[in-house]
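Below is one structure; the comments refer to it alone.
The values are calculated or read from the model by the stated rules, or taken from the named source; none is laboratory data. Everything quoted here is computed from the prediction, not taken from an experiment. Please note: Cβ atoms are built from the backbone with ideal geometry, for glycine as well, and neighbour counts cover all protein chains shown.
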Amino acid sequence: MQHSDIKVYNNSGNTDVLSLVNGDHLHVLDVGCGAGSIARRLVEKGHSADGVTISAKELEEAKKVLRNGYLYNLENGLPQEIPDNSYDVVICSHVLEHIAYPDKLIADIKRVLKKDGHLIVALPNVFYYKYRWQLMKGSFKTSDAGIWDYTHLRWYSFKTAADFFKANNFELTVATVTGDLPFTSVLKHVLPAAMRKGLYKGLTSISKGFFGYQLLYKLKNIK
């Protein structure tokens, strides 16, 4: 794939990921920063943000808010010019599923994180109940978005992702999921938001892997 063929990602930022960035005036690296949507929110909160992307178009936009921006293919890890032990937080929001061989990237993330710094990861859940049903029907059609995005090279479950991080010497401090109740389009007309939120919390306490649309982890770097 040529750099010019790569999709440009620009949105309002992943609020679930941002909610896990705790502290003041943190140095944050956004791995797979897109056009800078998360970095923009971080800077608004008083943090400094660096970013890495494979897209020159994304980087041009992201540099408006980034302290440092790097054009780099994450299959090769992180740019060597990024200093060791330089970040309080590293963010990978819907990135690892695009990486065929993530071990090099994870090793480099450990290198640039400070001791006891945190890696925050968001991933799509291949075993979300809707996707399980599609797989049971034999449906596996690639698309431009969603779990079957044609640029997705790996798929993770709630357990396999957690096991991967533990195997790479990260301590799980948060392991949770986000999503909605089944039949939300109907239930939102008859149940208040607080009740729907409570019911969803109850369902995910039974099975995060079944009811979680997005996998969400906060991981401490133990060296």
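Of the listed requirements (1) farther than 23 Å from Asn14 by Cβ; (2) assigned to a helix (DSSP H, G or I); (3) in contact with a Leu (Cβ under 8 Å, 6 or more places away or on another chain), Leu105 misses just one: (1). Report whether or not Ile222 is at pLDDT below 95 and within 28 Å of Asp108 (Cα to Cα). Judged against the criteria, Ile222 is a match. Contact map, region 190-209: first residue surrounded by 13 or more Cβ atoms within 10 Å (Cβ to Cβ), second residue of a type in the set (Phe, Trp, Tyr) and not in a helix (DSSP H, G or I), Cβ cut-off under 6 Å, separation 6 or more or different chains; pairs are Gly209/Phe127. Any residue at all in region 65-86 that is at pLDDT 95 or above, touching a His at 6+ places or on another chain (Cβ under 7 Å) and either hydrophobic (A, V, I, L, M, F, W, C) or assigned to a helix (DSSP H, G or I) (or both)? The answer is no, given that none of the residues of region 65-86 is at pLDDT 95 or above, touching a His at 6+ places or on another chain (Cβ under 7 Å) and either hydrophobic (A, V, I, L, M, F, W, C) or assigned to a helix (DSSP H, G or I) (or both). Of all the listed residues (Leu96, Leu66), the sole one being under 25 Å from Phe158 (Cβ atoms) and crowded, with 18+ Cβ neighbours inside 10 Å is Leu96.
Scanning region 22-53 for residues that are among the β-branched types (Val, Ile, Thr) and touching a Leu at 6+ places or on another chain (Cβ under 7 Å) returns Val28, Val31, Ile38, Val52, Thr53.
Selection within region 121-152: residues that are closer than 21 Å to Ser55 by Cα and at pLDDT 80 or above. The member of this set that is surrounded by the fewest Cβ atoms within 10 Å (Cβ to Cβ) is Ala122. Criterion applied to Cys33, Cys92 was being part of a loop (DSSP other than H, G, I, E, B), within 15 Å of Asn14 (Cα to Cα), among the hydrophobic types (A, V, I, L, M, F, W, C) and in contact with a strand residue (DSSP E or B) (Cβ under 8 Å, 6 or more places away or on another chain), and the one residue passing it is Cys33. Out of the residues in region 210-223 that are in contact with a Gly (Cβ under 8 Å, 6 or more places away or on another chain) and buried (at least 20 other Cβ atoms within 10 Å of the Cβ), state the one that is farthest from Asp163 (Cα to Cα). The residue in question is Phe211.
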